[in-house]
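K.L.:
One structure, as structure tokens, below. Some questions next.
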Amino acid sequence: MSNHENSWTRLKELLTDLEESESVAPVRKPIDSQHAASRLDLALPEKGIDFDSFMGKLKNLALATPSSASKQFFNQLFAGRDSAAIIGETIAAALNSSMYTWRIAGPQVIIERLLIRELNNIVGYGNGEGTFSPGGSISNLIAMLIARNRFDPNARAKGFNITGTIYTSVEGHYSIRKNAGILGIGRNNVREIHVDDHGRMRADLLEEAITEDKKNGIEPILINATAGTTVRGAFDPFTEIGLIARRHGIWFHVDGAFGGPLLMCEQMRRRFIGVEQSDSFTWDAHKLMGVPLTCSVLLVKEKGTLLHNLYEQAGYLYQGDEDEIEPGMTSIQCGRRNDALKLWSIWQVRGRVGYAEQFSKLLGLIRYAAGIIRNDPLFSIVSEPQSLTLCFEVVGYCSRTICTKLEEQQRALVGFGNIDNRVAIRLVCVNPEMEEEDIAFFFEQIRAITKECNLESR
Ligand SMILES: Cc1ncc(COP(=O)(O)O)c(C=O)c1O
């Protein structure tokens, strides 16, 4: 125990060092990938080193890693660092349960079930089910697998060799294409439907594409609609898409990996009208909900679907004691991390109300950022904000160059994306600690960069 005590003290010191360093330099100095291993002394030793040396190396590594917890991190759809969630994650690691059987995971299974039930209620699946997965891409994969097996009931047993199509918008996540390749559906059989000016899938073009395919003898497998697209944060029109899916008998999946949790926020609910018509829903807790990666859930409206598509008999594992409750039977994995505990932990502290307030505040910050852009001719909005991302340009400057300079000079970490052949800076606002002053500071950094560029070009 005394050894452990020392380890926990050292862990606490390291976390404190991490936070202190972030408050001094919110963006780490970029490190050259060619020299990272030698500079940080990462080689695996032949003979184990002493604990102090190990902690020294770990600290150097941590302090050289880009920080997603800093308030100048706008680069990804996740950000921040929540204590309750990290404590939940740490205890999950210490317990090291595998989430396949009640026997091994005990009440952790109940935690999963409670969360799945709550998320189903939020989405509007009265009697739904769900499974935790290692990310939104995999949740989408499971949904596509179910749709494929429904399309061809022989696929699971005998293999899949019928041509069928998947529909998603041109701004849908790339995992849809990747998964089509994995599942034998074929990437070329993914139809990418054009979007309107706000990045929402055009339902009229979707119907046209389906009709055209059917005319050519190709049957549809699944329509993927997105709740919060990766770049623009747009919401596809679920009511219209749901009607089309029903009319043609197609599986209707909603990829809510990014925007799904905004269902908890009253002011966003109108964007979700019709979502309850869907058959499955991808929900990531590791993006907006502040849970450390990874934590994703695939929700399915009709109970029994997951078992039908994923169950395999394994006498050494499922031994008849608690078959009703064995989560491994409806999972794509065998050994599985306990990703539910960290979500349960943060939810205990925040509650549904806290989440609603958090999202409302973040939406306010996006409005604030949009205000800064509108009031300064140096900036121009590329696409009106739809939720928690804001895509803009610095007039007369290359977006990629601005992002690179912001990082090189350790001012901010922000990415860029393509919209209608324009490269826009994508500001993502998901860190609940973020305040207006952080957003104002970010735009100040860009102004400083442009001044420097002007001086350089003289
Ligand atoms: C809309 C959407 N779907 C799916 C994903 C994939 O999620 P994950 O990174 O958890 O696999 C993302 C990731 O950014 C996303 O934006």
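K.L.:
Given H placed on each backbone N at 1.01 Å, which residues far from SER169 in sequence or on other chains put an amide H within less than 5 Å of it?
P.N.:
ILE193
K.L.:
Can you give the relative contact order of the range 305-458 as a percent, counting alpha carbon pairs under 8 Å and 6+ residues apart? All intermediate terms of the calculation are to be shown ahead of the outcome.
P.N.:
Details: 141 pairs, mean separation 25.6, N = 154.
After rounding, I find 17 percent.
K.L.:
What pairs in LYS287/LYS361; LYS71/LYS361; LYS29/LYS287 have C-alpha atoms more than 20 Å from each other?
P.N.:
Values: LYS287/LYS361 16 Å; LYS71/LYS361 15 Å; LYS29/LYS287 25 Å.
Pairs exceeding the cut-off: LYS29/LYS287.
K.L.:
Provide the solvent-accessible area of GLU13, counting protein heavy atoms only and rolling a 1.4 Å probe, rounded to the nearest 10 Å².
P.N.:
90
K.L.:
Additional query: Efficiency by 1/(1 + (r/R0)^6): what FRET value for ASP204 and TYR311, r their Cβ-Cβ distance, R0 = 30 Å, to the nearest 0.05?
P.N.:
Numbers: r = 40 Å, r/R0 = 1.33.
The computed FRET efficiency comes out at 0.15.
K.L.:
Hey, what's the chain come to in accessible area per residue, 1.4 Å probe, Å²? Each step should come with its number before you reach the end.
P.N.:
On the way: 21740 Å² over 458 residues.
That works out to 47 Å² per residue.
K.L.:
So for TYR355, TYR368, what's the accessible-area order with a 1.4 Å probe, most first? Intermediate results must be reported in sequence, preceding the final value.
P.N.:
Values: TYR355 0, TYR368 70 Å².
Result, largest first: TYR368, TYR355.
K.L.:
Under 11 Å from the Cβ of THR305, count the other residues' Cβ atoms, weight Lys and Arg +1, Asp and Glu -1, and hand me the total. Show your work: numbers first, answer last.
P.N.:
Numbers: positive: ARG150, LYS301, LYS303; negative: GLU129, ASP279, GLU302.
Residues near THR305 contribute 0 overall.
K.L.:
Could you tell me the calculated FRET efficiency between VAL353 and GLU20, based on Cβ-Cβ distance and R0 = 35 angstrom, to the nearest 0.05? Don't skip to the end; give the middle numbers.
P.N.:
Numbers: r = 32 Å, r/R0 = 0.92.
With a Förster radius of 35 Å, E is 0.60.
K.L.:
Out of residues 5 or more away from PHE379 or on other chains, whose amide H comes under 5 Å of its own, with H placed 1.01 Å from N in the peptide plane?
P.N.:
VAL395
K.L.:
Once label points are set 7 Å from the Cα along Cα→Cβ at both GLN34 and PHE51, what is their separation, rounded to one decimal in nm?
P.N.:
4.0
K.L.:
Whenever you get a sec, line up LYS451, LYS342, LYS71 from highest to lowest accessible area (probe 1.4 Å, protein heavy atoms). Display every interim value, and only then the final one.
P.N.:
Values: LYS451 135, LYS342 0, LYS71 75 Å².
Ranking LYS451, LYS342, LYS71 by accessible area, largest first, yields LYS451, LYS71, LYS342.
K.L.:
Would you kindly derive the ³J(HN,Hα) couplings of the range 300-310 from the backbone phi angles with the Karplus curve 6.51 cos²θ - 1.76 cosθ + 1.60 (θ = phi - 60°), listing them in order in whole Hz, with x for Gly and Pro?
P.N.:
Whole-Hz 3J(HN,Hα) from phi for the range 300-310: 10, 5, 9, 4, x, 5, 5, 4, 4, 9, 10.
K.L.:
Which FRET efficiency value, to the nearest 0.05, do you get for GLU5 and ALA43 by plugging their Cβ-Cβ distance into 1/(1 + (r/R0)^6) with R0 = 30 Å?
P.N.:
Details: r = 30 Å, r/R0 = 0.99.
Efficiency computed from Cβ-Cβ geometry: 0.50.
K.L.:
Once label points are set 7 Å from the Cα along Cα→Cβ at both SER380 and SER360, what is their separation, rounded to one decimal in nm?
P.N.:
3.6
K.L.:
Out of the DSSP beta bridges found with both residues in the chain, what percent are antiparallel (nearest 5)? Can you show the working numbers first?
P.N.:
Working: 25 of 43 bridges.
Of all bridge pairs located within the chain, approximately 60 percent are antiparallel.
K.L.:
If I compute solvent accessible area with a 1.4 Å probe over the protein chains, what percent of it on the chain is carbon and sulfur?
P.N.:
Here it works out to 51 percent.
K.L.:
Please tell me the relative contact order of the chain in percent, rounded to the nearest whole number, where contacts are Cα pairs under 8 Å and at least six residues apart.
P.N.:
21
K.L.:
Would you mind counting up the charge near SER67? Only other residues with Cβ under 15 Å from its Cβ, with Lys and Arg at +1 and Asp and Glu at -1. Please report the intermediate quantities before stating the final value.
P.N.:
On the way: positive: ARG28, LYS29, LYS59, LYS71, ARG81, ARG411; negative: ASP17, GLU19, GLU20, GLU22, ASP82, GLU407, GLU433, ASP438.
So the surrounding residues net to -2.
K.L.:
Rounded, prolate or oblate: which fits the chain when a ≥ b ≥ c are the square roots of the eigenvalues of the alpha-carbon gyration tensor, with rounded for a/c under 1.5 and prolate only if a/b beats b/c? Mind dumping the intermediate values first?
P.N.:
On the way: a/c = 1.79, a/b = 1.13, b/c = 1.59.
Note, shape of the chain comes out oblate.
K.L.:
How do TRP283, TRP347 rank by accessible surface area computed with a 1.4 Å probe, from largest to smallest?
P.N.:
Values: TRP283 0, TRP347 35 Å².
Sorted by accessible area, descending: TRP347, TRP283.
K.L.:
Still on this model: By Kyte-Doolittle mean hydropathy of at least -0.5 and Cα axial length of at least 30 Å, which whole DSSP H helices of the chain are selected? Don't jump to the answer; show the numbers that get you there.
P.N.:
On the way: long enough: 2-24 (33 Å, -1.12); 340-374 (42 Å, 0.33); 436-457 (32 Å, -0.28).
What comes out of the filter, once short or polar helices are dropped, is 340-374, 436-457.
The values are calculated or read from the model by the stated rules, or taken from the named source; none is laboratory data. All values reported here derive from a predicted model rather than from experimental measurement. Don't worry about glycine lacking a Cβ; one is built from the backbone with ideal geometry, like all the others, and counts go over all protein chains shown. With ligands, DNA and RNA removed, areas are computed over all heavy atoms of the protein, side chains included. Shrake-Rupley method; radii C 1.70, N 1.55, O 1.52, S 1.80 Å.
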